[in-house]
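The values are calculated or read from the model by the stated rules, or taken from the named source; none is laboratory data. All of these numbers come straight from a predicted model, not from anything done at the bench. Here the Cβ positions follow ideal geometry from the backbone for every residue, glycine too, while neighbour counts run over all protein chains shown.
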Amino acid sequence: MKCEQLGFKNYEKFINEIMDTTHTIITKKKYINEKELEELIQKIIR
C-alpha cells in the first residue's frame, strides 16, 4: 500500500528526516538517550 493511500502527508520529508537522525545517532554518538529516542519514535508515528 502506498503512503498516500494510508494518509501520510509529506512522507518523503519525514522518512529523510528519520534517516538523517538515525544516521547521526549511529555514526557520531553511538548511543541515544531516552528523550532523543522518544522524539525519533514520535516522528515515525506522526
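Just for the stretch 24-46: of the residues that are over 22 Å from ASN10 (Cβ atoms) and either assigned to a loop (DSSP other than H, G, I, E, B) or touching a Pro at 6+ places or on another chain (Cβ under 7 Å) (or both), which one is modelled with the lowest pLDDT?
If we take residues in the stretch 24-46 being over 22 Å from ASN10 (Cβ atoms) and either assigned to a loop (DSSP other than H, G, I, E, B) or touching a Pro at 6+ places or on another chain (Cβ under 7 Å) (or both), then LYS30 is modelled with the lowest pLDDT.
Show the residue pairs meeting these rules: Cβ distance below 7 Å; 6+ apart or different chains; first residue within the stretch 11-23 and in contact (Cβ under 8 Å) with a residue 24 or more places away in the chain; second residue part of a helix (DSSP H, G or I) and among the charged types (D, E, K, R).
Hits for this filter: PHE14/LYS43; GLU17/LYS43; ILE18/LYS43.
For the stretch 1-10, which positions are surrounded by 11 or more Cβ atoms within 10 Å (Cβ to Cβ) and either at pLDDT 75 or above or charged (D, E, K, R) (or both)?
None; the set is empty.
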